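Here's the structure, in structure tokens; my notes come after.
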Amino acid sequence: MARVPLLQLNGISLTFGGEPVFSDLDLVVQPGDRVALVGRNGSGKSTLMKVMAGLVEPDRGDVVVGPGVSVGYMEQDPEMAGFATLGDFASAGLAPGDLYKVERAGEGLKFDPARPVETASGGERRRAALARLMAEAPELMLLDEPTNHLDIEAIGWLERELAATRAGFVLISHDRAFLRNLTRATLWIDRGQVRRQEKGFEHFEAWRDTLWEEEDQQRHKLDRLIKSEGRWAVEGISARRKRNQGRVRALQALRAERAGQIKRQGTAAMALEAGPKSGRKVIEAEGISKTYGDKVILRDFSIRILRGDRVAFVGPNGAGKTTLLKILLGEIEPDTGTVSLGTNLEIAVFDQARAQLDPDATLWDSLTSDPSMRVSGKADQVMVRGVPKHVVAYLKDFLFDERQARAPVRSLSGGEKARLLLARLMAQSSNLLVLDEPTNDLDVETLDLLQEILDDYDGTVLLVSHDRDFLDRVAATTVVMEGDGKATIYAGGWSDYQALKPSVISEKSEKPRDNKAKVKQDVKVKPGLSFTEKHRLEALPAEIERLEAEIVKLEALMADPELYSREPVKFQKATEALVQRQEKLAAAEEEWLELEDKASTS
């Protein structure tokens, strides 16, 4: 029996005043699809997702939602008028019996449901919108950059939730590890064309490069044909004027085809120039600590950073990563201990809050108003690493077109704002680069280029990021802040830290599944169960019973000795389903034991 699609786009065309964003686009999302939606910044990913959500009306074509299918869209800037708290917004429309889902999502995503809407930050609002979507649990989830403003722990929670869901989802993200771990198909938007591959993001770059290579070969053949036919037109047409008009028209058609081809967007012409060499010692901190009221940010921490080091700072939001950076840079005094900076330092900072950008200023003003970039007496030029350059030419280096030069910063997408900040940063020469969440909103190609630039940079890099893949590519040392004042130094990037960290940190993932007595022995007992844990403890017996029944059915099916030879595909699917349910059963039993033990000892 054929599956009914969750969502279908038929002949969608959309234009915003210039080149078509999409033209005659057909797209189907099936139940259980896990789709990565990728493309360059400005290619139309968010627009396509809004078309799928019914928030943008196409010029032509139909958006068809399957019968009874619920579609949920995570808003980038959710409208919360009329709601007093984030919890009120996140639980709107839920049945009273489902309110625990918001509390559970709040714990995983780290947002406070009691936070008043009027005092909530943009990141808190987005987390509330994500919690609302996860609590609603629609059949199709449309997720546009869900990991922005999440720390690594919250990203891990969300990744596990999406891995376990039966819902279909379409996912836009700059986080390669997140995409690799979750997706099974890829939609690629490139110059108004949407292609689909039935493989996850892990295979995207090889697929993209293969298609681009084929495109380059076809363009090269077309250029050679046009050149050959053009030579014939000049040398031989006069003798065969009437007889060869068809060939002339064919040449004109070839030239029109070549002119109509849309050139691929290049990568930004980003470059970093290290200033004069700093001293060998860049920063040395001895026994530093910092406390704000009752909150301990840092306790007895020491580090020595040498010229050329790449040091990453990771940990939960609020653990004090940015505070530690400011202490190391001399912007904040520690309560105890000493910090000494090396000689001849030239520091450049990338600010995650985008506070360096005035939303009402134009891109032109954002560059020319910067004192470090101003060229005396020339309002149309900026100083780029000691050399004057026209404002528009420099903006073009970072993939902005001439029309955007006089547009306000507020009109830019998140990725464009990040590129504008990089343009300001890279105009300076420096030998100490401080990058606070530089990867947010950047597309894959720009992230690749940024990583290559950092590899070649002669100076020192201090990096704060929740992007696990980027940490692995850049960091040679990782400082892990756990939120209790403890900061621990590990060699390597995120994956190296995961391999080296003490077992107590990953206790939950390392508890044995087959030794119930040991499970009970290893559990850290906390007084009482939370509301979510009580509900989970009540629900687990039914879930365990259901999984056991499904395992019995699958084992009975596979007991047929002729199934493999008669229906090998069905046998393979049954095998995979059996393994999956056995793993889920073991995890559910382990979880029940832990909660039961906690309840009995409280």
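What follows is calculated from the coordinates using simple rules that are stated; it is not laboratory data. All values derive from a computational prediction rather than experimental measurement. Cβ atoms come from the backbone with ideal geometry, glycine included; neighbour counts cover every protein chain shown.
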Subject >> Sequence of 346, 333 once ranked by neighbouring C-beta atoms within 10 Å, starting from the fewest >> reply: 333, 346
Subject >> Charge dipole (debye, nearest 20) of segment 391-455; +1 at Cβ of Lys and Arg, -1 at Cβ of Asp and Glu >> reply: 500 debye
Original post:
Order of 419, 406 from fewest to most other C-beta atoms within 10 Å?
Top reply: 406, 419
**OP:** State whether segment 48-98 is rounded, prolate or oblate according to the following rule on the C-alpha gyration tensor (a ≥ b ≥ c being the square roots of its eigenvalues): a/c under 1.5 gives rounded; otherwise a/b larger than b/c gives prolate, and the remaining case gives oblate.
**Re:** oblate
Original post:
If you rank 472, 77, 597 by fewest surrounding Cβ atoms within 10 Å, what's the result?
Top reply: 77, 597, 472
Original post:
For segment 30-106, which GluC sites (Glu not before Pro) are both in a DSSP coil and crowded by at most 10 other Cβ atoms within 10 Å?
Top reply: 79
Subject >> Segments 478-486, 134-142 sorted - mean Cβ within 10 Å per residue, highest first >> reply: 134-142, 478-486
